[in-house]
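Heads up, the thing below is written out as structure tokens.
The values are calculated or read from the model by the stated rules, or taken from the named source; none is laboratory data. Just so we're clear, the structure is a prediction, and the values are computed from it rather than from any experiment. Cβ: placed from backbone, ideal geometry, glycine included. Neighbour counts: every protein chain shown. Ligands, DNA and RNA are stripped out before the accessible areas are found, and what is left, the full protein with its side chains, is counted by its heavy atoms. Shrake-Rupley method; radii C 1.70, N 1.55, O 1.52, S 1.80 Å.
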Amino acid sequence: PPIYLGSQNPGQWDMPFCIHTNYETQKAILTDIVTSLHIQGFRKLLIVNGHGGNTFKPMIRDLAIKFPDFFILSTDWFAIVPKEDYFDAEIDDHAGEQETSVLMHFHPHLVKLDTAGDGASKPWTIQSINEKTAWAPRNWHQASEDSGIGNPEKSTAEKGKRYADEVTRRLADLLIELADM
């Protein structure tokens, strides 16, 4: 089932429609889903993640001990296909050209490009974090004016369709392989 919540960064909790859940809550929900499916005889689950803040690997590892006969996979839809072959933006991390194009493909009525920001972000004062030597949660109020990092200006529904079609094809291949195992 679709679950529209996840782990939010500071500075995002007070934004409209951002529903934060703790790791423990996410793990409890996933455990309940796997328990229910296991009772019903299912032994495979694919989690298609749509939010970069969600990390399922530790949960899946824990559930593999509790349910050794249940195979759980996780994927981030936005990372299945490299962006570079589909989009022009050099920086496209959050609400930029990729996500906006895909949303324009599926729900064009929800996209109002004329109100979108330019995606400018403020880098960390610690250069090593900018260079991905380490990670820390971003406070969106400090990182960006509107939480966008990457300019959505060149977004089109056509780019979104092309990208979504390739993501869908790869997911379909994965599901076929999963069904055959």
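Would you mind finding the one in 179, 164, 136 that is at pLDDT below 95 and either outside any strand (DSSP E or B) or under 20 Å from the mean Cα position of the chain (by Cα) (or both)? Spell out the reasoning first.
Working: 179 fails: at pLDDT below 95; 164 fails: at pLDDT below 95.
It is 136.
When you look at residue 49, is it at pLDDT 90 or above, surrounded by 14 or more Cβ atoms within 10 Å (Cβ to Cβ) and either of a type outside the set (A, V, I, L, M, F, W, C) or within 21 Å of residue 173 (Cβ to Cβ) (or both), yes or no? Against the criterion (at pLDDT 90 or above, surrounded by 14 or more Cβ atoms within 10 Å (Cβ to Cβ) and either of a type outside the set (A, V, I, L, M, F, W, C) or within 21 Å of residue 173 (Cβ to Cβ) (or both)), residue 49 qualifies.
Of the residues making up segment 141-175, those that are over 18 Å from residue 112 (Cβ atoms), of a type in the set (A, V, I, L, M) and in contact (Cβ under 8 Å) with a residue 12 or more places away in the chain are 143, 149, 164, 167, 171, 174, 175. Within segment 82-131, if we keep just the residues that are of a type in the set (Asp, Glu), closer than 23 Å to residue 142 by Cβ and in a loop (DSSP other than H, G, I, E, B), the residue that is nearest to the chain's Cα centre (by Cα) turns out to be 93. For segment 52-78, a residue qualifies if it is modelled with pLDDT under 95, open to solvent by less than 50 Å² (accessible area, probe 1.4 Å) and among the β-branched types (Val, Ile, Thr), but none of them does. Evaluating residue 153 against the criteria (1) open to solvent by 70 Å² or more (accessible area, probe 1.4 Å); (2) out of contact with any Leu (no Cβ under 8 Å at 6 or more places or on another chain); (3) not hydroxyl-bearing (Ser, Thr, Tyr) leaves one unmet condition, (2). Of the residues in segment 38-60, at least one is touching a residue at least 40 places away in the same chain (Cβ under 8 Å), touching a Gly at 6+ places or on another chain (Cβ under 6 Å) and not small (Gly, Ala, Ser). Scanning segment 10-26 turns up one or more residues that are modelled with pLDDT of 90 or more, buried (at least 17 other Cβ atoms within 10 Å of the Cβ) and over 18 Å from residue 149 (Cβ atoms). Within segment 3-47, the residues that satisfy the criterion of being under 19 Å from the mean Cα position of the chain (by Cα) and within 20 Å of residue 178 (Cα to Cα) are 30, 45, 46, 47.
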